[in-house]
Amino acid sequence: MKITWQGHSCFIVEAQGKSVIIDPFLSGNPTAKAKPTEVKVDAVLVTHGHADHLGDAIEISKANKAPVIATFELVNYCTSKGAAGHPMHIGGSHAFPFGKVKLTIAHHGSATEAGTSGNPCGFILSMGGKTLYHAGDTGLFSDMALIGETNSIDCALLPIGDNFTMGVEDAVRAVGFLKPRVAVPMHYNTFDLIRQDPEAFRKGLEGKPVEVRILNPGESTEI
């Protein structure tokens, strides 16, 4: 599994000739290296409807004839704009040609700029024999321990930016609940309000049985 960070919470995940993009905030993202027109994917996963996560999902879906995979209400919004879609909801899973997706809870909001709401979510994504957890925008919650118990997580993508999501200390605690093999920080330094030092996240996990990988926007890692 190859994971490429595009800044903020946007990742492109590739395995066995298939690829998906998660939270495709590219246009207007000062840290993103890719452009929406350059993205070639089999699916578009969106954790919630805020503009810095829904981003270019509709444009990318149309260009690739790829479904937007998200909660029911958000998919309905995207399909009303001409995107393809596959609606899901919290706790549900589905096997796609590229892999398996399961939705987890996330504590946040989800309203789009048009006012469409619904629930935010996280994703457990299985591709190429590896399991990735993208937490979405969320605060710390104790059921992360259940997610860790019921899934062998190869890589956890966790927000550390604080203010809108977990900060560094809570993200460190989340790793203890989830027990991933690798942890990658996200949702930080896009804007001044969420400026954080990712090295503080690494330091907080020193001596713990997890490898912290800090990526630069546009950089990839193999899991």
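The values are calculated or read from the model by the stated rules, or taken from the named source; none is laboratory data. Only a predicted model underlies this, so the values are computations on that prediction, with no experimental measurement involved. Neighbour counts are summed over all protein chains in view; Cβ atoms, including those assigned to glycine, are modelled from backbone coordinates with ideal geometry.
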Restricting the range 140-155 to residues that are out of contact with any Asp or Glu (no Cβ under 7 Å at 6 or more places or on another chain) and more than 16 Å from residue 103 (Cβ to Cβ), the residue that is surrounded by the fewest Cβ atoms within 10 Å (Cβ to Cβ): 142
Selection count where residues are among the acidic types (Asp, Glu) and either in contact with a Pro (Cβ under 9 Å, 6 or more places away or on another chain) or over 15 Å from residue 175 (Cα atoms) (or both), scope the range 119-152: 1
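Looking at the range 78-114, which of its residues are among the hydroxyl-bearing types (Ser, Thr, Tyr) and free of Cβ contacts under 8 Å to residues at least 40 places away in the same chain?
In the first step, residues of the range 78-114 are kept if they are among the hydroxyl-bearing types (Ser, Thr, Tyr); the result is 79-80, 93, 104, 110, 112.
Once the filter is applied, which keeps residues that are among the hydroxyl-bearing types (Ser, Thr, Tyr) and free of Cβ contacts under 8 Å to residues at least 40 places away in the same chain, the range 78-114 yields 79, 80, 93.
Yes or no, residue by residue, for (1) of a type in the set (Asp, Glu); (2) within 21 Å of residue 220 (Cβ to Cβ); (3) touching a strand residue (DSSP E or B) at 6+ places or on another chain (Cβ under 6 Å):
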{"position": "16", "(1), (2), (3)": "no, yes, no"}
{"position": "51", "(1), (2), (3)": "no, no, no"}
{"position": "56", "(1), (2), (3)": "yes, yes, no"}
{"position": "102", "(1), (2), (3)": "no, no, yes"}
{"position": "106", "(1), (2), (3)": "no, no, yes"}
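Among 215, 205, which is out of contact with any Phe, Trp or Tyr (no Cβ under 9 Å at 6 or more places or on another chain), of a type outside the set (S, T, N, Q), farther than 18 Å from residue 104 by Cα and surrounded by 16 or more Cβ atoms within 10 Å (Cβ to Cβ)? Outline the logic, then answer.
Numbers: 215 fails: out of contact with any Phe, Trp or Tyr (no Cβ under 9 Å at 6 or more places or on another chain).
When all the criteria are applied, what remains is 205.
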Given (1) surrounded by 20 or more Cβ atoms within 10 Å (Cβ to Cβ); (2) small (Gly, Ala, Ser); (3) over 28 Å from residue 216 (Cα atoms), index of the condition residue 32 fails: (3)
Test for residue 136: is it in contact with a strand residue (DSSP E or B) (Cβ under 7 Å, 6 or more places away or on another chain) and at pLDDT below 95: no
Scan of the range 11-37 for residues that are without any contact (Cβ under 8 Å) to a residue 24 or more places away in the chain and of a type in the set (Lys, Arg), ordered by number: 35
